[in-house]
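Each remark here refers to the structure printed beneath this line.
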Amino acid sequence: MPATLPTVLSAVPRVEAPAVPGTPPARPGTSRSHGDAASLGPGGPPWWHGALVATALASASMAHARSFEAEGSDTGAGLGPRHVAMGGTGVATAVDVFATVANPAGLVEVDGLQLAASRQLDATLHRLNFAGLAWRLPLPASSGVSATVAAAHYPRIHARASGAFDESDFESLFLRYLLPGISGTFDGAIDSKTRSTRVAIGLGPAGHRTWSVGAYVEHIDCRSDFCGVHATSNGFTTQTTGAKALGWGLGGRWHPTDAWTLAATVSDLRTRLTIESTTTDDAGTRTQQTAAGFPRKWAFGAAWRPGGPGGAWLWTADLESTRGRYGKSSIDLRAARWGLERHTGAWAWRAGAVVPLRIESTETGRLDTPFPFAPTAGVGWRRGPWEVDVAVYGHAVMSMHADRPRFAADLGVGLRF
C-alpha cells in the first residue's frame, strides 16, 4: 500500500515506547485464529485443495473483520471549512476565530465577539471538529494597541481500527504513530484520541494593519486503548496509554502593501509528552512512565488580494515543514498548499490543493505518495452576523485506507456580534 500525504503525519502525536517481549509474531496479514492448511490429514482432500480453501476463508475473514476510521484536524486537510476549501491554507489569510490554530497573529483583525463551530459531515467518531470563540478586548484608544483573545477546543485525531494488520500495511504505519509500544503486526482493536484546548492572543498597533503578532498556549490530551495480540506480546494483551503535554507557539503577519500579506508561524516549541502506559497480559499487569518530544513545525504563508482589502479575488499559498525528533524517530515532513477565493455579493467561491513534498522518517524511510495533490473546493455565505461555510476535500488518510480517492465534507457556522 502506498504512503500517505505528509500532512497526514505532520502533527499527529507520535510516541515510541519499548515493546513488551513475548510471543512470536503471527504470519503477516493473518490472524492467529486462522487455520493452517498443513493440518489436513490423510484421506481428506488433496493438500492444495485445503490450502486454497483455507486461504480463501482467511482472506474473506480479513476483508469482513478489518475496519479503520480516522478523523480530526491532523488527517491532512487542515481546520475550518473556509481554509480547508482553499487547500488548508490560513497562515496569511486566517482573520477569524480559526486563526487560533492557523496563526494567532490574525486574531487582531477580529471585531467584537465571534463564535464558530464546524463538523465533518460524514464523521462517525466525533460530533464537532472545532468549537471556539474570539473577543476583541475593549482597550482605550490611548493605549495604541489592538488585542484579541481566543479559546478553542478541537480533536487533533481520533482513529479506530479492528482486525489483523501487517507491519507493511498503511493502517499499521499510521496507528504506530498513535499507540506507543505496539508492534507493526497485530490483531485486535485500537481506539486512539488526541484532543487539544488552545488559548491565544493577537496584538497589533491600533488604527492600522501594517503588522501583528500572536502567541498561543495549548493543552494536549491523548488516550489510546488496545486489546488483542501483536508480534511481541505475552498472549492476549490490553493496553491503556495516556499522555499529556503543554505546548506553545508564535505567529506574525506583515502587510508590505495593501494587496500583499506575508506571515509565518512556529508551533510546538519545547513541547514534551508525559506518558503513562498500563499493560495487562499473561505476564501480569505493569505500568510504565516515559516522556517524548514533539518535532517543531514551521509554516510560511503569502496572500495577494488585487485591489487591496476590498478586492473580489484572493490568492494564497503556504509552505510548511515539520522536522525533528518524534519519540525515538527523526521525521522530515513537508507540504505546500495553495488556494483561491472569489467574492460575489454574499457568496464566496473557493478552491485549492494540498501538495506533498516529502515524507521521511528513520522508521519508514522515504515514502512516496499515490497522488500528486489532494484537491479541495467549497463555498461560503454571509448575511448580517451569520456565516456558513462548506468544504469538500480529498481525505488523505481514508484514501490511503481505501486505496482510492475518498472525499469528505466539512460544515462550519459562525456568528459575529
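The values are calculated or read from the model by the stated rules, or taken from the named source; none is laboratory data. Since the structure is predicted, the reported quantities are computational estimates derived from the model, not experimental observations. Positions of Cβ are generated from backbone atoms using ideal geometry, with glycine treated the same way; all protein chains shown enter the neighbour counts.
Counting only residues that are surrounded by fewer than 18 Cβ atoms within 10 Å (Cβ to Cβ), aromatic (Phe, Trp, Tyr) and touching a residue at least 24 places away in the same chain (Cβ under 8 Å), region 372-417 holds 3 of them.
Can you spot a residue in region 167-175 that is in a strand (DSSP E or B), crowded, with 18+ Cβ neighbours inside 10 Å and more than 18 Å from the chain's Cα centre (by Cα)? Among the residues of region 167-175, not one is in a strand (DSSP E or B), crowded, with 18+ Cβ neighbours inside 10 Å and more than 18 Å from the chain's Cα centre (by Cα), which makes the answer no. Which one is nearest to residue 154 (Cα to Cα) among residues in region 374-417 that are in contact with a Leu (Cβ under 8 Å, 6 or more places away or on another chain) and among the charged types (D, E, K, R)? Within region 374-417, the match that is nearest to residue 154 (Cα to Cα) is 410. For residue 345, the conditions (1) under 17 Å from residue 320 (Cα atoms); (2) without any contact (Cβ under 8 Å) to a residue 12 or more places away in the chain; (3) not basic (Lys, Arg) are fulfilled apart from (1).
Of everything in region 212-227 that's buried (at least 20 other Cβ atoms within 10 Å of the Cβ) and modelled with pLDDT of 90 or more, which residue is farthest from residue 196 (Cα to Cα)? I'd like the intermediate steps shown before the answer.
Just the residues of region 212-227 that are buried (at least 20 other Cβ atoms within 10 Å of the Cβ), to begin with: 212, 214, 216, 218, 220, 222, 224, 226.
Subset that is modelled with pLDDT of 90 or more: 212, 214, 216, 218, 220.
Details: 212: 25, 214: 18, 216: 12, 218: 7, 220: 5 Å.
This residue is 212.
Being more than 30 Å from residue 167 (Cβ to Cβ), out of contact with any Leu (no Cβ under 8 Å at 6 or more places or on another chain), crowded, with 17+ Cβ neighbours inside 10 Å and not acidic (Asp, Glu) holds for only one residue in 264, 231, and it is 264.
For region 283-296, the condition of being buried (at least 18 other Cβ atoms within 10 Å of the Cβ) and at pLDDT 95 or above holds for none of the residues.
From the list 365, 394, 311, which one is on the phi > 0 side of the Ramachandran plot and at pLDDT below 95?
None of the others qualify; the one that does is 365.
Select, from 169, 191, the only residue that is more than 17 Å from residue 249 (Cα to Cα), modelled with pLDDT of 90 or more and charged (D, E, K, R). Before you say what the answer is, go through the steps one by one.
On the way: 169 fails: modelled with pLDDT of 90 or more.
Among 169, 191, only 191 is more than 17 Å from residue 249 (Cα to Cα), modelled with pLDDT of 90 or more and charged (D, E, K, R).
Yes/no per residue for (1) out of contact with any Lys or Arg (no Cβ under 7 Å at 6 or more places or on another chain); (2) on the phi < 0 side of the Ramachandran plot:
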| residue | (1), (2) |
| --- | --- |
| 186 | yes, yes |
| 202 | yes, yes |
| 218 | no, yes |
| 235 | yes, no |
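Filtering 268, 282 for residues that are out of contact with any strand residue (DSSP E or B) (no Cβ under 8 Å at 6 or more places or on another chain) and not polar (S, T, N, Q) leaves a single hit, 282.
Please specify each residue of region 118-151 satisfying the condition of being under 28 Å from the mean Cα position of the chain (by Cα), among the aliphatic types (A, V, I, L, M) and surrounded by fewer than 19 Cβ atoms within 10 Å (Cβ to Cβ).
Taking region 118-151 first, the residues under 28 Å from the mean Cα position of the chain (by Cα) are 118-135, 148-151.
Those left that are additionally among the aliphatic types (A, V, I, L, M): 121, 123, 125, 128, 131, 133-134, 149-151.
121, 123, 125, 128, 131, 133, 149, 151 - these are the residues of region 118-151 that are under 28 Å from the mean Cα position of the chain (by Cα), among the aliphatic types (A, V, I, L, M) and surrounded by fewer than 19 Cβ atoms within 10 Å (Cβ to Cβ).
Scanning region 40-93 for residues that are at pLDDT 50 or above and among the hydroxyl-bearing types (Ser, Thr, Tyr), we see that the one that is surrounded by the fewest Cβ atoms within 10 Å (Cβ to Cβ) is 67. Assessment of region 188-198 against the conditions (of a type in the set (Val, Ile, Thr), in contact with a Phe, Trp or Tyr (Cβ under 7 Å, 6 or more places away or on another chain), buried (at least 23 other Cβ atoms within 10 Å of the Cβ) and part of a loop (DSSP other than H, G, I, E, B)) yields no matching residue.
Scanning region 243-259 for residues that are surrounded by 19 or more Cβ atoms within 10 Å (Cβ to Cβ) and hydrophobic (A, V, I, L, M, F, W, C) yields a count of 2.
Among the residues of region 253-280, write down those that are in a strand (DSSP E or B) and closer than 16 Å to residue 316 by Cβ. Scanning region 253-280 gives 253, 254, 260, 261, 262, 263, 264, 265.
The lone criterion from (1) farther than 15 Å from residue 255 by Cβ; (2) surrounded by 15 or more Cβ atoms within 10 Å (Cβ to Cβ); (3) over 28 Å from the mean Cα position of the chain (by Cα); (4) not β-branched (Val, Ile, Thr) left unmet by residue 209 is number (1).
Which of the residues that make up region 342-396 are outside any strand (DSSP E or B) and hydrophobic (A, V, I, L, M, F, W, C)? Walk me through how you get there before you give the answer.
To start, the set of residues in region 342-396 that are outside any strand (DSSP E or B) comprises 345-346, 362-364, 367-373, 384-385, 395-396.
Residues satisfying the conditions are 346, 367, 371, 373, 396.
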